[in-house]
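The values are calculated or read from the model by the stated rules, or taken from the named source; none is laboratory data. Because the structure is predicted, anything quoted here is derived from the model rather than measured. Here Cβ is always computed from backbone atoms with ideal geometry, including for glycine, and neighbour counts include all displayed protein chains.
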Amino acid sequence: MKQKFKRVFQCQSCGYISLKWLGKCPDCGEWNSFVEDKIESEGFKKRFAEAAKPVAINSVEIIVSERLSTGIGEFDRVLGGGVVKGSLILIGGDPGIGKSTLLLQATDNIAKKYGKVLYVSGEESLLQIKLRAERLQISSENIFLLSETLVERILECAEEQTPIAVVVDSIQTVYTEEAISAPGSVSQIRESATKFMNFAKSKGVPVFLIGHVTKEGAIAGPRVLEHLVDTVLYFEGDRGYAYRILRSVKNRFGPANEIGVFEMTGMGLTEVENPSLIFLSEHATASGSAITATVEGTRAILTEIQALVAPSNFGMPRRNFIGVDYQRVNLLVAVLEKRGRLNLAGADIFVNVVGGLKITEPSSDLAIISAIISSFRDTPLPEGLVVFGEVGLSGEVRAISQTELRLKEASRIGMKRAIIPKSNLERLKEKFNLKINGVRSINELTEILGI
Ligand code: TYD
Ligand code: MG
């Protein structure tokens, strides 16, 4: 007789299924990520109810989905202008970064404005949530707490209560009876999330799923969840800093890569409306510091990049880069050695983005290079200087997008001078209250800076 369940091994990072245990996942390359799991055999899989029929594109009606405001401006902006009804939103981040705090604050605002919100916690007791709520001065009568981990019972309760929104804290602690593996495993997470999605879509109620990021930097079963949900937000930041960045990685209802900046205070998270000022607030004109303008979503932000180049005491020089892409900086160091004729081979190099921001844009290349040269020569860059541009392997400075947006922010903050790619300068249409230099190569950059 055919078995209902099949024993398999599943990668906890990407969901890849193998019949044997493997040391390394052939799909995502993760080591040691396979655990034993059981899945339903093919023959027993449920068939989908009815087949859909093709529809002419012009006959599809446009329904503008209604949005709910979370009452937190930065949060709404990252969501693309509020929470879309019936959407499934995943909020990931390291433990202790402030996910529960943010959601509890949003819950309070939604409850006050629209009505009942169900906050399900499988992590904390009702007392712990109440204590946090006291601290945050949360007073809405419309917040209903539920301490439960079985998905079927959560949904039963949600249907009975008919809330305006549901928060599940966290997706790793809940489990469904339909999957047989342990809570937190890929198949449990996927099955549970699918159930919440069906609920959200059929009832038009937005569901927030909180997910912990594992130490490798991905939500357990991230790919499985990322393509399932409508919106993926990551809460980033160093726990040592008070600043937190909420970033949309995927959004079916708004721009991706939009960020919201928060500060963790004794009274919960407060919005930071002018992030450039924060990231530059302690900026000192010492050698090794450069200011760049990065575009995050629809907004330009000025940040400081610091570099420290020191002679190495060991045979193997140390390279430590925080907040920037490791491979990218290594590449820039190689370009500096070969094209800029800087002897960096025997030097320890450290690069850090101030304030815990993570920069993914190649537009910061020129600022990273400027910071490294400045530290190497032990000469500070001119005060009020902002630098941006992509750098190629032959040391050429390449054009980047949204130059105007960056320059506008720089002049608003009171910068005096900008060094940008020459080709961007030639295409510039607006006038700015800044002295702007265009450079074609890193050698032109050092000439202009005189270092
Ligand atoms: P929390 O929201 O519990 O994090 P997560 O749900 O992402 O695990 O936040 C935990 C941290 O935030 C904790 O270290 C204490 C701090 N915190 C404050 O600094 N101020 C506050 O008002 C609150 C509620 C928490
Ligand atoms: Mg929490």
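Key figures for this structure:
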| read-out | value |
| --- | --- |
| Sole residue being more than 16 Å from ligand 2 (Cβ to nearest atom) and modelled with pLDDT of 90 or more, chosen from E273, E263, E226 | E263 |
| Tally, over the stretch 242-261, of residues that are under 17 Å from T298 (Cα atoms) and within 13 Å of ligand 1 (Cβ to nearest atom) | 1 |
| Residue that is nearest to ligand 2 (Cβ to nearest atom), among those in the stretch 125-139 that are surrounded by fewer than 17 Cβ atoms within 10 Å (Cβ to Cβ) and within 19 Å of C157 (Cβ to Cβ) | S125 |
| Whichever residue in the stretch 121-179 is over 30 Å from T270 (Cβ atoms) and among the acidic types (D, E) and, among such residues, is nearest to ligand 1 (Cβ to nearest atom) | E148 |
| Any hit, the stretch 167-187, residues being part of a helix (DSSP H, G or I) and not aromatic (F, W, Y) | yes |
| In the stretch 167-206, residue farthest from R67 (Cα to Cα) [restricted to those that are touching a Leu at 6+ places or on another chain (Cβ under 6 Å) and within 16 Å of ligand 2 (Cβ to nearest atom)] | I171 |
| Those strands (runs of 3 or more DSSP E) lying entirely in the stretch 67-148 with at least 1 residues in the same structural domain as I245 (by TED's automatic domain parsing) and within 18 Å of the chain's Cα centre (by Cα) | 88-93 |
| Candidate set: the stretch 92-107, residues that are near ligand 1 (Cβ under 9 Å from one of its atoms) and over 17 Å from G266 (Cβ atoms); chosen: the one surrounded by the most Cβ atoms within 10 Å (Cβ to Cβ) | K99 |
| Residue match in the stretch 224-231 (condition: under 23 Å from L209 (Cβ atoms) and among the polar types (S, T, N, Q)) | yes |
| Conditions (1) closer than 20 Å to R247 by Cβ; (2) surrounded by 19 or more Cβ atoms within 10 Å (Cβ to Cβ); number of the one not met by I110 | (1) |
